[in-house]
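As structure tokens, the structure follows; a few thoughts come after it.
None of the figures in this text is laboratory data; all of them are computed from the coordinates on show. Please read all numbers here as calculations on a predicted model, not as lab measurements. Because the Cβ atoms are built from the backbone with ideal geometry, glycine has one as well, and the counts that use them run over all protein chains shown.
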Amino acid sequence: MASKFISERNLKFLLHEVFDVGTLTQYDYYKEYDGKMLDMVLKAAMELATGLLWPICQEMDQNPPELVGDQIKVHSSVRKLLEECGTGGWLGDDIPFEWGGQQLPQMIGMGTRFIFCAANYSAAAYTGLTTGAARLILNFGKEDLKKTYLPNMLSGKWQGTMALTEPEAGSSLADITTMAEPTDHGYYKIKGQKIFISAGDHDGADNVIHLMLAKIKGAPAGVKGISLFVVPKKRIDEKGQLVSNDVVTSGVFHKLGYRGCPIAQLSMGDSDNCRGYLVGEPHQGLLLMFQMMNEARIGVGAGAAAIASAAYYAALDYTKTRLQGRKLSTKDPTLPQIPLIEHPDVKRMLLFQRSVIEGALSLLMQAAKYADLAIVLTGEEKEKNELLLDLLTPVAKSYPSEMGILSVSQGVQCLGGSGYCDDYPLEQYYRDARIHPIHEGTTGIQGLTLLGRNVTMKGGKAYKLYLEREGKHGAVRG
Ligand SMILES: Cc1cc2nc3c(=O)[nH]c(=O)nc-3n(C[C@H](O)[C@H](O)[C@H](O)COP(=O)(O)OP(=O)(O)OC[C@H]3O[C@@H](n4cnc5c(N)ncnc54)[C@H](O)[C@@H]3O)c2cc1C
């Protein structure tokens, strides 16, 4: 195992020197914090990552989830992880204080996500999904939904998911067929199937809360007919007991990487007894889900940069100790061999990785800074930051995802044959990294979003703003 998975020094340099995270504390919303406290949060995240996530990274990969009966069994540490993240406040890091969250800046959330994902990408996925789902309920759910679900989700007792994909509707969400039939009892009856749902079922949590897209009977065709529902695996009955909500786990997929976290196939309403609770207005589902998807997209970028970082440090360690060959200028075979890192081509491969990681993280921090400014500013300045965040999101997802694979590949290359074997962690990182251009919208779909929607939205306002604000700096800066 390598000696480290990220550079704390570089992370703090980006946060403080480049993006000036401390200036946010001048705003009321972040006034409980100062620069030192923010560093303490990073330190605590490092401790959790080093103590709990990092040691089981390989073990989780080698013992993937299994469907036993009708439940998916995962690594025994997942329960402890969710509980510790709940009690430590990590599941509500950017959730407002009034809901028991930490109300931390998004930039710090980006930093802690980077740390957790570098230590163990699969483990970090469980927590990120719960936070994203909870935030959707918080922002758009009715009071009773918030009261029922948020405390249990933010404490780590209940898992959250985003349930969009169906066998016939992946990139094209307009074609989902999961149906929601209104009843006179304040809930909808849900019927349909979902596939590939991350953390969609597992025994590390007492319940799983799906933020699910479905169409209300008689809704308009296409994306304009999609609504958003909370569909729990178990619902609370009249006596306050958790009972089955007719959400059946019909399969678990066996995948290339990211093996510590299951992706489930779910079947809803086989016994005509699956209840869903509407979030927001009917037919506004995709718009609302976009909030979670956009956060998740930036989260995917962070995961990609993080895995590249862990792979880089594993490669760096190896190249410092493995002796092979001699300097170009030395022909004498009686001289001792030199460490790999002294070969210019190996140095080039290491530097390539460093530049991808630092560049990607900087891009992600910029996106997080736009999100922070959109929270604390008002009026036109708020709108500008929202537009810039919207514009940058597909890039912040795709660049780290695509370049992360190339970066990890160079990490594998640094180890030669050993990079290809499971005695070293590079082969796992290479497999883990491959998911990022696929989930949360493929790179092709991000391209369509960037050029087909974001560049042209509001008469090109976001793009013009970007050129105006960032173009003149010649670099991405906050
Ligand atoms: C490990 C993993 C975790 C996942 N987690 C979740 C989750 O938690 N929740 C969830 O809802 N889903 C999840 N998914 C599903 C994931 O989001 C989809 O797999 C992804 O959006 C692509 O959909 P698809 O697989 O149907 O591929 P398709 O949509 O069939 O796409 C196949 C290829 O065709 C291209 N393509 C498709 N349409 C177009 C077009 N209009 N123009 C140009 N090119 C196009 C795509 O870019 C892609 O390269 C997960 C998937 C995996 C593998």
Query - Selection of chymotrypsin sites (Phe, Trp or Tyr not before Pro), the stretch 183-224, meeting DSSP coil and at most 13 other Cβ within 10 Å - result: none
Query raised in the report: Which listed residue (SER329, LEU389, ILE357) has the Cα farthest towards the positive end of the charge dipole for the stretch 285-471, taking +1 on Lys and Arg C-beta and -1 on Asp and Glu C-beta about the Cα centre?
Result: SER329
Requested in this report: May I ask you to order 399-407, 113-121, 19-27 by the average number of other C-beta atoms within 10 Å around their residues, highest value first?
Outcome: 113-121, 399-407, 19-27
Query - Formal net charge of residues neighbouring VAL68 (Cβ-Cβ distance under 14 Å; K, R +1; D, E -1) - result: -3
Report task. Go through the stretch 218-226 residue by residue and turn each phi into a ³J(HN,Hα) via Karplus (6.51, -1.76, 1.60, θ = phi - 60°); whole Hz please, and just put x for glycine and proline. Result -> x, 5, x, 5, x, 5, 6, x, 8
Requested in this report: Give the angle, between 0 and 90 degrees and rounded to the nearest 10, that separates the Cα long axis of helix 285-321 from the longest principal axis of the Cα atoms of the chain.
Outcome: 20
Query - With Cα atoms, 0 to 90° folded angle of helix 77-87 axis to the chain main axis - result: 80
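Can you give the local net charge around ALA302? Use residues other than it whose beta-carbon is closer than 12 angstrom to its beta-carbon, Lys and Arg +1, Asp and Glu -1.
Working: positive: ARG113, ARG297, LYS397; negative: GLU295, GLU440.
Residues close to ALA302 contribute a combined charge of +1.
Between their Cα atoms, which of LYS4/LYS464; LYS233/LYS458; LYS4/LYS146; LYS224/LYS382; LYS369/LYS461 are more than 30 Å away from each other? The partial results should precede the final answer.
Values: LYS4/LYS464 41 Å; LYS233/LYS458 40 Å; LYS4/LYS146 39 Å; LYS224/LYS382 27 Å; LYS369/LYS461 19 Å.
From LYS4/LYS464; LYS233/LYS458; LYS4/LYS146; LYS224/LYS382; LYS369/LYS461, over 30 Å: LYS4/LYS464; LYS233/LYS458; LYS4/LYS146.
So what are the stretch 280-381's ellipsoid semi-axes, whole angstrom, largest first, if each one is the square root of 5 times an eigenvalue of the alpha-carbon gyration tensor?
On the way: eigenvalues 461, 40, 14 Å².
The equivalent ellipsoid of the stretch 280-381 has semi-axes of 48, 14, 8 Å.
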Report task. Give me the number: length gained by fully extending LYS458 to ASP28, i.e. 0.36 nm times residue separation minus the C-alpha to C-alpha distance, one decimal in nm. Result -> 151.8 nm
**Report entry** With Cα atoms, 0 to 90° folded angle of helix 344-376 axis to the chain main axis
**Finding:** 30
Query raised in the report: Residue-wise, which Karplus ³J(HN,Hα) couplings in Hz belong to the stretch 405-420, taking 6.51 cos²θ - 1.76 cosθ + 1.60, θ = phi - 60°, and x for glycine or proline?
Result: 5, 5, 5, 5, 4, 5, x, 4, 4, 4, 8, x, x, 5, x, 8
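Compute the length gained on full extension between LYS36 and SER355: take 0.36 nm times their separation in residues and subtract their Cα-Cα distance, giving the result in nm to one decimal.
Details: separation 319, 0.36 × 319 = 114.84 nm, distance 2.78 nm.
Taking LYS36 through SER355 to full extension adds about 112.1 nm, to one decimal.
Order of MET110, MET457 from fewest to most other C-beta atoms within 10 Å? Provide the component values of the computation, followed by the final result.
On the way: MET110 31, MET457 14.
Least crowded to most crowded, the residues run MET457, MET110.
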Report summary line: Computed ³J(HN,Hα) along the stretch 50-63: with the Karplus parameters 6.51/-1.76/1.60, θ = phi - 60°, integer Hz and x for glycine or proline, the list is 6, x, 10, 7, 4, x, 10, 4, 6, 4, 5, 5, 7, 10
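Using a Förster distance of 51 angstrom, determine the FRET efficiency expected from the C-beta separation of ARG326 and LYS146, and round it to 0.05. It would help to have the intermediate numbers written out before the result.
Numbers: r = 67 Å, r/R0 = 1.30.
So, using R0 = 51 Å, E works out to roughly 0.15.
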Requested in this report: Check each of the trypsin sites (Lys or Arg not before Pro) in the stretch 259-356 and keep only those in coil by DSSP with at most 14 other C-beta atoms within 10 angstrom; list them in order.
Outcome: LYS327, LYS331
